[in-house]
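Everything on this sheet refers to the single structure shown next.
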Amino acid sequence: MSKTLANLKYTKTHEWLEIHNDGTASVGISDHAQDLLGDLVYVEAPEAGRKLTAGNACAVVESVKAASDVYAPVTGVVVAINAALSDSPELINKDPYGEGWIFKIKLANAADANALLDAKAYAEFCAAESH
Amino acid sequence: MGKRTPLHSTHLAMGGKLVDFAGWDMPINYGSQIEEHHQVRTDAGMFDVSHMTIVDLRGPRVREFLSYLLANNVERLTQPGKALYSCMLNEQGGVIDDLITYFMRENWFRTVVNAATRDKDMAWIRRQAKAFEVGVEARSDLAMIAVQGPNARAKTLSTMDNGLLKAATALEPFFATKPGDIFVARTGYTGEDGFEIMISSDRVQSLWLALSKAGIKPCGLGARDTLRLEAGMNLYGTDMDETTSPLESGLGWTIGWEPSTREFIGRQALESQRGNANRKLVGLVLQEKGVLRNHLPVRVVGVGEGEITSGSFSPTLGRAIALARVPLATTNTCQVELRGKWVAATVVKPPFVRNGKSCITL
């Protein structure tokens, strides 16, 4: 069973969002997603300053098995990217909710996050999807 | 539910993630494909390859039969136990399958063909065998484990004793031995030293567990694929099939042209293609970050177009690599369309990696 964290919000496209106090949020892919993809070997993160629209593809994660788009969970501007992933994409496999974060976004509208799934709803979504 | 090898429950117990492979439930990995890949390059790993088809061919005219059936020449097999890699062609020179055949005795050759092609291979072999009165028996009673890596032999030998130990210790590369009811060959599909072991299905689990106890880690078909790609070994159905000849598949070296009097299926078609094939199979190394994938378009400006047949990420080189079928005139570089962008790739002669070491200049 894949791990979910109660303090995170999730999307049906398997991204997670962690809201920080300063109006920014970290974004990554879920434990379930990294497990499905297998060993990651390449991450193409969005450049800092780029404006993202919720639901649009904004990054790519590639494993030995497949390439997968990462979709922006919310609308906003990229304020930081995780440079460590360039040399160590496997951080996403090892620690998807921690060191494996992909980018930080400044939310255009803080309330947007409320529309996302909570951990319980996301776990149920994954369970239903795999049946 | 797919077909299961005798090691099915063992894979599950060891954390294997099972996927469908040619109708079989096979482990793709036991956690991390890349760790398993490195395990084989640096130490020893084992693969359940019981899904592959072991075929015993028997009869006084079996050598004559194989001399007709196979593009490579079994007359090269003079010492008992010696193995030969070959394509089995149709009349058009297309590859029905690639296989390995072991010369056991003058009236017995053991051949291993792919799992995905089992039915058509068996039908073809049986049809061709009739005229030579050769018995064709698929050995579904046998299971097979491939143990590969620089320490594979030493660790495997540590689990053996008596006659088997003596015979397996003495095995030269590309030879097999069968001192009792266990068949051991010094062959593989990873570019590393090691053994392929055939044993009756009811005993394979205890062998697997003994090998595991000797420090040999289970590895899945995922690592097997990146290992064989690094080793520059073709995968049937991906890098070649019935529409491509060995000459277009980097397998010209496996065609036994001499003696010119030897007739084999597909010879005529190959003779007319010889010297004027317009495509070839080459290795590619991606210069930038990203991963090459099967079927990506390839172009060589001013020369023509091609396609990646097998693309992946090379864990040993830390680069994306591929096998690609390209125009014959292709030289040192080409471009690959990667996610809508044409990017540069270097053209190399496979293998990319052998015996743990890079064979190419990055």
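The values are calculated or read from the model by the stated rules, or taken from the named source; none is laboratory data. Everything numeric here is computed off the predicted structure, so don't read it as measured data. Heads up, the Cβs are rebuilt from the backbone with ideal geometry, glycines too, and the neighbour counts pull from every protein chain shown.
List of remarks:
- Among residues of the stretch B:319-346 that are within 14 Å of chain A (Cβ to nearest Cβ) and surrounded by 16 or more Cβ atoms within 10 Å (Cβ to Cβ), those with a beta-carbon under 8 Å from a residue that is outside any strand (DSSP E or B) and of a type in the set (S, T, N, Q) at least six positions away or on a different chain give the pairs B:V343/B:Q287.
- If the condition is being out of contact with any helix residue (DSSP H, G or I) (no Cβ under 6 Å at 6 or more places or on another chain), charged (D, E, K, R) and farther than 17 Å from A:D22 by Cα, then the stretch A:60-112 contributes A:E62, A:K65, A:D69, A:D87, A:E90, A:K94, A:D95.
- Within the option set B:N90, B:N29, B:N107, B:N73, being within 14 Å of another protein chain (Cβ to nearest Cβ) and either within 30 Å of B:K130 (Cβ to Cβ) or not β-branched (V, I, T) (or both) holds for one residue only, B:N29.
- Yes/no for B:G93 being modelled with pLDDT of 95 or more, crowded, with 21+ Cβ neighbours inside 10 Å and at positive phi: yes
- Lone qualifier among B:A143, B:A154, B:A176 - being touching a helix residue (DSSP H, G or I) at 6+ places or on another chain (Cβ under 6 Å) and modelled with pLDDT of 95 or more: B:A143
- Out of B:G275, B:G256, B:G252, sole residue that is at positive phi and of a type in the set (G, A, S): B:G275
- Test: residue in the stretch B:290-302 that is part of a loop (DSSP other than H, G, I, E, B) and in contact with a helix residue (DSSP H, G or I) (Cβ under 8 Å, 6 or more places away or on another chain): no
- Matching option when the condition is modelled with pLDDT under 95 and part of a loop (DSSP other than H, G, I, E, B), among B:G232, B:G275, B:G250, B:G256: B:G275
- Checking B:I199 against (1) within 30 Å of B:S314 (Cα to Cα); (2) in contact (Cβ under 8 Å) with a residue 40 or more places away in the chain; (3) hydrophobic (A, V, I, L, M, F, W, C), the condition it does not meet: (1)
- Among the residues of the stretch B:104-113, those identified as surrounded by fewer than 19 Cβ atoms within 10 Å (Cβ to Cβ) and not charged (D, E, K, R) are B:N107, B:W108.
- Residue within the stretch B:226-246 that is crowded, with 17+ Cβ neighbours inside 10 Å, over 17 Å from the mean Cα position of the chain (by Cα) and hydrophobic (A, V, I, L, M, F, W, C) present: no
- Listing of strands (runs of 3 or more DSSP E) fully contained in the stretch A:29-90 that carry 2 or more residues being within 13 Å of chain B (Cβ to nearest Cβ): A:40-44, A:57-63, A:67-71
- Some residue of the stretch A:28-42 being modelled with pLDDT of 95 or more, surrounded by fewer than 16 Cβ atoms within 10 Å (Cβ to Cβ) and more than 22 Å from B:N294 (Cα to Cα): no
- Verdict on A:A111 being modelled with pLDDT of 95 or more, exposed (fewer than 15 other Cβ atoms within 10 Å of the Cβ) and farther than 30 Å from B:L292 by Cβ: no
- Looking only at the stretch B:306-318, and only at residues there that are facing chain A (nearest Cβ under 10 Å) and outside any loop (DSSP other than H, G, I, E, B), the one that is surrounded by the most Cβ atoms within 10 Å (Cβ to Cβ): B:F313
- Residue in the stretch B:38-57 that is within 28 Å of B:L157 (Cβ to Cβ), in contact (Cβ under 8 Å) with a residue 24 or more places away in the chain and within 14 Å of chain A (Cβ to nearest Cβ) present: yes
- Which numbered condition A:L36 misses (of (1) in contact (Cβ under 8 Å) with a residue 24 or more places away in the chain; (2) under 25 Å from B:S312 (Cβ atoms); (3) not polar (S, T, N, Q)): (1)
- Checking B:S212, B:S206 one by one, the residue that is in a helix (DSSP H, G or I) and without any contact (Cβ under 8 Å) to a residue 12 or more places away in the chain is B:S206 and no other.
- Among the numbered conditions (1) more than 19 Å from the chain's Cα centre (by Cα); (2) under 30 Å from A:A45 (Cβ atoms); (3) not hydrophobic (A, V, I, L, M, F, W, C), the only one that B:K213 does not meet is (2).
- Among residues of the stretch B:263-305, those that are within 14 Å of chain A (Cβ to nearest Cβ), within 18 Å of B:D239 (Cα to Cα) and among the small types (G, A, S), counted: 0
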